[in-house]
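Inspection log for the structure reproduced underneath, given as structure tokens.
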Amino acid sequence: MSVTVAPLDREREIRTRLGWSPSRIAGALVLAAWGALFWFLLLSGRDALYLSTRTSWVVPVAAVLLSLASIGRFASARVRRPEPLSRREAWIMGLMVVPVVLLLVLPPATLGQFSASKRSSFVGSGIATSVGDISTGELSMIDVAAAQTSKEGEQALAKRAGEPVDFVGFVTLYGDTPAGEILLTRYIVTCCVADATIAQVRVVNVTPGEFQSNDWVEVKGTIYPIGREVIVNASEVTSVPQPERPYLTP
Amino acid sequence: MADTTIRTPVRNADARTWAGVLGVLVAAAIVVRVADPERFAWVQSFFVIFGSLLIQALPFVLIGALAAALIEVFVPVGTLEKLAKLPRPLQLPAAGLAGIAFPICECGSVPIARRLIQKGLMPSAGITFMLAAPVLNPVVIASTFFAFRGRSSLWTMVIGRFTLGLLVAIAVGWVIGARSKGDLLRPRPDDEHHAKHVLEIGAPEARWKMFFVHLGNDFLYMGRFLVLGATLAAMVQTFLPASIIGRVASTPVLDVVVMMGLAFVLSLCSESDAFIAASFVQFGPAAQLAFLVSGPMIDFKLSALYVGTFRRGFLRTLVIAVAATTFVGAMWVKVISG
């Protein structure tokens, strides 16, 4: 005996049959790609090139959440009703992965002299360390930056004139920088590099031509704050590798 | 009236499309590797700033999308419609103050606001919440406190930011007025899918599946606009001629306008912008306050998100309303603080 399937039953049968949704799978792949980037940043330590210690927690959180979101989307990718993906959407999803590819392929890099010259004229530093912090203890580049933001800070730093300091930063040289001097610069990052401000001191008594722009150096010497400018009379300037965390966090 | 919209046929992605997408990704990787961006300082700076903006902001978009998906799947329809029955003078301040409970930055508040509006919250209240949350939340207020600690303008900045932020958010919500969600929200392709699923014969999809679908859709949709906004913001940060800023610091009125413009182009996170505002020591508290209030509401990065979330014309209305109310508030602070 042959059984005829009524059109309505047939439609119902088609609808209850599960198929893969290209839209959901493509989305899951994009989420997975971004998740992979965050895992890479976390495991390679490259998050330090983009974020401060204060916000680096977002990297493991994003890595875990993106991985879960991707797995969840894969798991829900079987649908009863077809969900085709348009060409336009496919290209947009592909373009969303371009930043992932770029950040994975690019060699590790930090902000250098180019940005320091852009930022120094309009952003000094907004680091509001208290006057008490500047007055006591070992002086840091953050204290130097903080001292430039208020009269009280400036006065507190002035009282430390003649004290020994030990700073690490990168060399900044402009056309008008005298021979035998360098500007020692360090970026201070509160959340991410986009909010970077600079701490800068003028180092004198340096062997002319010994260092190039963007070289990382350790300067030992004596500090002399003069108004808003801070001068370090170097007793020793040595080349050092770029620190694991190139940016300072207040 | 008859629907005269002509729909162009949608062409679905096929194997050639995917091959093309893959080709572009491989080409991008090869070009970047071969070109060696380290040779060009500006390219290196651009990529570092672009990368940092995305790496910091995307997790917040994801957290926002997560909250939005929870609202969509687990908050019953009608819950927020009850709130919508409250009078607007009561609803807007309540929506603004609700922002205190959401320690999220501006990128996270957009998907949440969209979902709240979709779920029945009055659109003007949704906008007020979206603008207030990144300014009023405790993390932002604490960061403002620490950035201005030790300065005579400390409480002007902390209280001023909270109060002016709330007032601007309410005022903009008021300007949005009685627009319906259909007039305000830009339709998205996944809305159509969702509607089809709702009408579908048979058992609905499991809640956990719907949760992941909404989470992914929101993230992917907001994410593309964030990438666009971060590109623009990174370009500006890389090339902005620095010398133009200092000259106007002591010019009345213009200083406030310039600081608002700077907040727009720098596109900073509301949790860190106070430290930048504090660095503009040559500007007075009123101009710094304008920077802190308008920045988390309108900037390059957010503009791209707004364009993707709201209908045409909304961004223009929002920019004008935020800029005008912030300007008036900042000038008032200038008069008060001398």
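The values are calculated or read from the model by the stated rules, or taken from the named source; none is laboratory data. Not measured: the values here are computed from a predicted model. Virtual Cβ from ideal backbone geometry, glycine too; neighbours counted across all protein chains shown.
Observations on the model:
- Residue within segment A:239-250 that is over 20 Å from A:Ala109 (Cα atoms) and assigned by TED's automatic domain parsing to the domain that holds A:Ile134 present: no
- Which numbered condition B:Ile71 fails, given (1) out of contact with any Leu (no Cβ under 8 Å at 6 or more places or on another chain); (2) part of a helix (DSSP H, G or I); (3) of a type outside the set (Phe, Trp, Tyr): (1)
- Selection within segment B:17-58 - among the basic types (Lys, Arg) and more than 7 Å from every other protein chain (Cβ to nearest Cβ): B:Arg39
- Test: A:Thr190 is under 30 Å from B:Cys105 (Cα atoms) and in contact (Cβ under 8 Å) with a residue 12 or more places away in the chain: yes
- Scope segment B:118-170; condition β-branched (Val, Ile, Thr) and either under 30 Å from A:Gln148 (Cα atoms) or in contact with an Asp or Glu (Cβ under 7 Å, 6 or more places away or on another chain) (or both); matching residues: B:Val135, B:Val139, B:Val140, B:Ile141, B:Thr144, B:Thr156, B:Val158, B:Ile159, B:Thr163
- B:Leu90 being in contact (Cβ under 8 Å) with a residue 60 or more places away in the chain, over 15 Å from the mean Cα position of the chain (by Cα), assigned to a helix (DSSP H, G or I) and away from chain A (no Cβ under 14 Å): no
- Scan segment A:167-193 for residues that are farther than 12 Å from A:Ser213 by Cα and within 25 Å of the chain's Cα centre (by Cα) and the total you get is 10.
- Restricting segment B:252-283 to residues that are at pLDDT 80 or above and more than 29 Å from B:Ile55 (Cα to Cα) leaves a set whose member that is farthest from the chain's Cα centre (by Cα) is B:Pro252.
- Test: residue in segment A:115-123 that is buried (at least 19 other Cβ atoms within 10 Å of the Cβ), within 7 Å of another protein chain (Cβ to nearest Cβ) and at pLDDT 75 or above: yes
- Exactly one residue out of A:Pro82, A:Pro108 is at pLDDT below 90, within 18 Å of the chain's Cα centre (by Cα) and more than 8 Å from every other protein chain (Cβ to nearest Cβ): that is A:Pro108.
- When each of B:Ala242, B:Ala203, B:Ala178 is tested for being surrounded by fewer than 16 Cβ atoms within 10 Å (Cβ to Cβ), at pLDDT below 85 and more than 10 Å from chain A (Cβ to nearest Cβ), the lone residue that passes is B:Ala178.
- Looking across segment B:118-162, the residues that are of a type in the set (Gly, Ala, Ser), surrounded by fewer than 24 Cβ atoms within 10 Å (Cβ to Cβ) and within 14 Å of chain A (Cβ to nearest Cβ) come down to B:Ala142, B:Ser143, B:Gly150, B:Ser152, B:Ser153.
- Taken over segment B:215-226, the criterion of being in contact with a Leu (Cβ under 9 Å, 6 or more places away or on another chain) and surrounded by 20 or more Cβ atoms within 10 Å (Cβ to Cβ) is satisfied by B:Leu215, B:Gly216, B:Asp218, B:Phe219, B:Leu220, B:Met222, B:Gly223, B:Phe225, B:Leu226.
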